[in-house]
1. How much of Ile181 can a 1.4 Å solvent probe reach, expressed as accessible area in Å² and rounded to 10?
2. Mean shadow of region 52-252, computed from the convex hull of its alpha carbons, in nm²?
3. When we measure straight from the Cα of Lys209, which aspartates and glutamates land under 20 angstrom away, once same-chain ones fewer than 8 places off are left out?
4. Using a 1.4 angstrom probe with every protein chain in place, what is the largest-first accessible-area order of Trp87, Trp150, Trp62?
5. Of all the C-alpha pairs in region 128-216, what % are more than 22 Å from each other?
6. Tell me, what is the per residue accessible area of region 52-252 in Å², probe radius 1.4 Å?
7. Once you place label points 7 Å from the Cα toward the Cβ at Glu95 and Thr182, how far apart are they in nm?
8. How large a share of the accessible area of region 52-252, in percent, is made up of carbon and sulfur atoms when the probe is 1.4 Å and the other protein chains stay in place?
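The values are calculated or read from the model by the stated rules, or taken from the named source; none is laboratory data. Just so it is clear, the structure is predicted and the values come from calculations on it, not from any experiment. Every residue, glycine among them, receives a Cβ derived from its backbone with ideal geometry; neighbour counts consider all protein chains shown. For the accessible areas, the whole protein counts, side chains as well, though only heavy atoms, and no ligand, DNA or RNA atoms are used. Shrake-Rupley method; radii C 1.70, N 1.55, O 1.52, S 1.80 Å.
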Amino acid sequence: QSSRLQFPYKYGSQPGFFLHQLPTPQEEAKQFPNQISFTQQSSAASRSAMATKIYIVYYSTWGHVATLAEEIKKGADSVPGVEVTVWRVPETLPEEVLGKMHAAPGREDHPVITASQLAEADGILFGFPTRFGMMAAQMKAFFDSTGGLWQEGSLAGKPAGVFLATGTQGGGQETTALTAITQLTHHGMLFVPVGYTHGAGMFAMDEVKGGSPYGAGTFASKDGSRTPSDAELALAAHQGKYFAGIAKKLKAV
């Protein structure tokens, strides 16, 4: 008498297999070449569930912060086991006003995020331009919409960092970061500054460059004509890699 059980196979009526033995990917590939292996599906789902999800959430007027966001993503993507998504927050100004400001069009490859989606991330980096030494109103409006997450404690314990752009050297590279920390604090998030982990370049005095121990930064000039320098982009990439490594360690705890 055969010890094999007979029951419908998952892709149709086929001979069953030992209850304790799943088919190998090679066996399934031979029998069903056009189907995705059950074990491959399970493995992919498991990897996705285990991956550390990093969200880069930003607002950008002239595109400087968006450029930094892309560099940060490159750095974070270099960390194994990390999934990175770049998002932009909703715009609050009408098109007529944006046109007068010569604002850059929104990046279509960066979808608009809703406050509730923040809870899906294991770590979040927030980017924004400065307005009178503080974050731009669009980002503040987005934080103001996170009351439900605050009430539920949905962001508590998640690592967070900031990056930014200012028009001038005295425009708030540090005050903007400092005042942004209040938003993270009320949510119970863990602020992860970049510190001086980028090395000697952070001490160099041979060029004008944005960024600080609080996070990456760039100078846009008063009319947005200046683009991020190589040094600023390098710090952004480093911040992404450094932050992703910290977030990954925290998730493993």
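1. Solvent-accessible area, nearest 10 Å²: 40 Å².
2. Values: hull surface 41.8 nm².
If you wrap the Cα atoms of region 52-252 in a convex hull and average its projections, you get 10.5 nm².
3. By straight Cα distance, Lys209 reaches Glu70, Glu71, Glu174, Asp223, Asp230, Glu232.
4. Values: Trp87 25, Trp150 150, Trp62 90 Å².
These residues rank, largest area first, as Trp150, Trp62, Trp87.
5. On the way: 1254 of 3916 pairs.
Roughly 32 percent, once rounded to a whole number.
6. Values: 9290 Å² over 201 residues.
Ligands and nucleic acids excluded, the result is 46 Å² per residue.
7. Each label point lies 7 Å from its Cα, and together they span 3.5 nm.
8. Values: 5390 of 9290 Å².
Carbon and sulfur: 58 percent of the exposed surface of region 52-252.
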